[in-house]
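I have placed the structure first, in the form of structure tokens, so that the comments after it can refer back to it.
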């Protein structure tokens, strides 16, 4: 019995066209996406740039200019064929960092005020600004009246210029040796200081300093932790006396900002101190917010600006 002969199917020699069509479609979609990414909406870019500047507060948002992407692409094309370009200069020449009153101060041209001095007449000749913040003048006058006894006893030093006011409190009335707990006898002077500070809107930076004697305890492994803890505890005490916490910051300098020789006991005593710095410039990196909700643009809002 003979077997039935199997007929081979017809071979399609053009089936490669299906894969080729898929490849062309994907290639077209790829170039469409690349074109969409390269096209920048100038309005959205400007809004995004301004929101980022508000977050980092490193430049004036009104002076910043958006990057001209089309001009940069044109300049690159001209350079590629050997033609000179008029856009080789800086794209945004107006981008300038803003001075920070907290991170960088002017030269320390301070006037030490004794009891009876008129703070409105005591402005240093080397101050970079000629006018004094009226809030600072009011703060100096009230602190002189409230802390006159401590100033006489050389337990508190009051210094000022047109940029800020410094209230230096000696450590022997604030803390015991190796401790960051505020002594009970220091709470009344700090309460008087808080009574003055809560009446003005200025920023307050509390700075802690130590001498160079090493400390190594489970709570304070070094003078960094000790100075920062002392500054933070003073901030907490001011906050309990109704000074707004968003106006304050605590900084610890450890042993690395001495004002006297650490080789003597007298010098070490002067170096152990806490300084309250009342800023004359209310413009800082973090503006005081009455409502903390949506104070900083969220990541989701930033993504929406890019879409």
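Structure above, values below:
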{"quantity": "Matching residues in region 199-221 - criterion: being touching a strand residue (DSSP E or B) at 6+ places or on another chain (Cβ under 9 Å) and either assigned to a loop (DSSP other than H, G, I, E, B) or without any contact (Cβ under 8 Å) to a residue 60 or more places away in the chain (or both)", "calculated": "200, 202, 203, 210"}
{"quantity": "Condition check for residue 255: in contact with a helix residue (DSSP H, G or I) (Cβ under 6 Å, 6 or more places away or on another chain) and touching a residue at least 12 places away in the same chain (Cβ under 8 Å)", "calculated": "yes"}
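All of the numbers you see were taken from the coordinates with simple rules; none came from a lab. Please read these numbers as outputs of a predicted model, since none were measured by experiment. Don't worry about glycine lacking a Cβ; one is built from the backbone with ideal geometry, like all the others, and counts go over all protein chains shown.
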